[in-house]
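Q: This is the structure I want to talk about, given as structure tokens.
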Amino acid sequence: MSTQTLTQVLAAEPELPGPLDMRNAMGRFATGVTVVTGLDEDGPIGFACQSFASVSLEPPLILFCADHRGRAWPRIRPTGRFAINVLGEEQSDLCGRFGSSRGTKFDGLDWERSRWDTPSLPGVLMRAHCEIHDVHTAGDHDVVIGRVLELECFEDDRPMVFYRGAFGLGD
């Protein structure tokens, strides 16, 4: 192989995966489902979120990813605090409510204000109350690192799982 041909081969970049390729491939990784909630001067706000993980035990840090073009995260960010509400397998009503872009998500919902001034959703498996530690922009999302202020563990039920575009692990 000539030097010119080798240089051309090395310089050619492969085509990057598109959004549909990413959705199809990443859908093969099962995730839990959470609802991120916050409270600002206009009231409670929240959104369903599957991109959530533990980052560090000491100090206690978690992360979630949020579309910075959405409605909820831009309202939560300036408050400096949020709660992660981990949904159980039977909480499709909460998932649908907070996964939709329509309607007022807290209308008719029996939620409570935590001592950290974040909305606590009823019947969840676990709740983490956090303050924003850091935010990194990554493409069309923000990677939010939260410092955990308090953890609440409730039910020992099965978690809600999202896999291959649907809830549950399927057959």
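The values are calculated or read from the model by the stated rules, or taken from the named source; none is laboratory data. Not measured: the values here are computed from a predicted model. Here the Cβ positions follow ideal geometry from the backbone for every residue, glycine too, while neighbour counts run over all protein chains shown. These accessible areas exclude ligands, DNA and RNA; they are computed on the full protein's heavy atoms, side chains included. Shrake-Rupley method; radii C 1.70, N 1.55, O 1.52, S 1.80 Å.
Q: Let me spell it out: the conditions are (1) at negative phi; (2) basic (Lys, Arg); (3) loosely packed, with under 15 Cβ neighbours inside 10 Å, and residue 164 meets all of them except one. Which number is the exception?
A: Unmet for residue 164, out of (1) at negative phi; (2) basic (Lys, Arg); (3) loosely packed, with under 15 Cβ neighbours inside 10 Å: (1).
Q: Let me ask something else about it. Condition test on residue 121, is it hydrophobic (A, V, I, L, M, F, W, C) and either exposed (fewer than 14 other Cβ atoms within 10 Å of the Cβ) or without any contact (Cβ under 8 Å) to a residue 40 or more places away in the chain (or both)?
A: Values: hydrophobic (A, V, I, L, M, F, W, C): yes; either exposed (fewer than 14 other Cβ atoms within 10 Å of the Cβ) or without any contact (Cβ under 8 Å) to a residue 40 or more places away in the chain (or both): no.
No: the conditions fail for residue 121.
Q: Let me ask something additional. Please go through region 68-90 and give me each residue that is under 22 Å from residue 156 (Cβ atoms), surrounded by 13 or more Cβ atoms within 10 Å (Cβ to Cβ) and in contact (Cβ under 8 Å) with a residue 60 or more places away in the chain, ordered by number. I'd like the intermediate steps shown before the answer.
A: Here is the first cut: in region 68-90, the ones under 22 Å from residue 156 (Cβ atoms) are 83-90.
Adding the requirement that they be surrounded by 13 or more Cβ atoms within 10 Å (Cβ to Cβ) leaves 83-89.
Those that are under 22 Å from residue 156 (Cβ atoms), surrounded by 13 or more Cβ atoms within 10 Å (Cβ to Cβ) and in contact (Cβ under 8 Å) with a residue 60 or more places away in the chain: 84, 86, 87, 88, 89.
Q: Further question on the same structure: Against the condition crowded, with 17+ Cβ neighbours inside 10 Å and either touching a residue at least 24 places away in the same chain (Cβ under 8 Å) or of a type outside the set (Gly, Ala, Ser) (or both), how does residue 109 come out, does it pass?
A: no
Q: Another one. Inside region 51-65, can you point out the residues that are in a strand (DSSP E or B) and out of contact with any Pro (no Cβ under 9 Å at 6 or more places or on another chain)?
A: 52, 53, 55, 56, 61, 62, 63, 64, 65
Q: Also: For the structure I just gave you, tell me whether residue 107 is part of a strand (DSSP E or B) and charged (D, E, K, R).
A: For residue 107, the condition - part of a strand (DSSP E or B) and charged (D, E, K, R) - is not met.
Q: Taking region 33-62, which residues are surrounded by 17 or more Cβ atoms within 10 Å (Cβ to Cβ), over 12 Å from the mean Cα position of the chain (by Cα) and within 21 Å of residue 104 (Cα to Cα)?
A: 38, 39, 44, 45
Q: Among the numbered criteria (1) of a type outside the set (Lys, Arg); (2) part of a loop (DSSP other than H, G, I, E, B); (3) closer than 22 Å to residue 140 by Cα, which one does residue 76 miss?
A: Unmet condition: (2).
Q: Here is a follow-up. What number goes with the only condition from (1) surrounded by fewer than 13 Cβ atoms within 10 Å (Cβ to Cβ); (2) modelled with pLDDT of 95 or more that residue 65 does not pass?
A: The single condition residue 65 does not satisfy is (1).
Q: Regarding region 134-155, can at least one residue be identified that is over 17 Å from the mean Cα position of the chain (by Cα), more than 22 Å from residue 51 (Cβ to Cβ), touching a residue at least 40 places away in the same chain (Cβ under 8 Å) and open to solvent by 70 Å² or more (accessible area, probe 1.4 Å)?
A: Yes.
Q: Can you give me the number of residues within region 15-50 that are assigned to a strand (DSSP E or B) and free of Cβ contacts under 8 Å to residues at least 12 places away in the same chain?
A: 0
Q: The conditions are (1) in contact with a Lys or Arg (Cβ under 9 Å, 6 or more places away or on another chain); (2) farther than 15 Å from residue 85 by Cβ, and residue 147 fails exactly one of them. Which is it?
A: Failed condition: (1).
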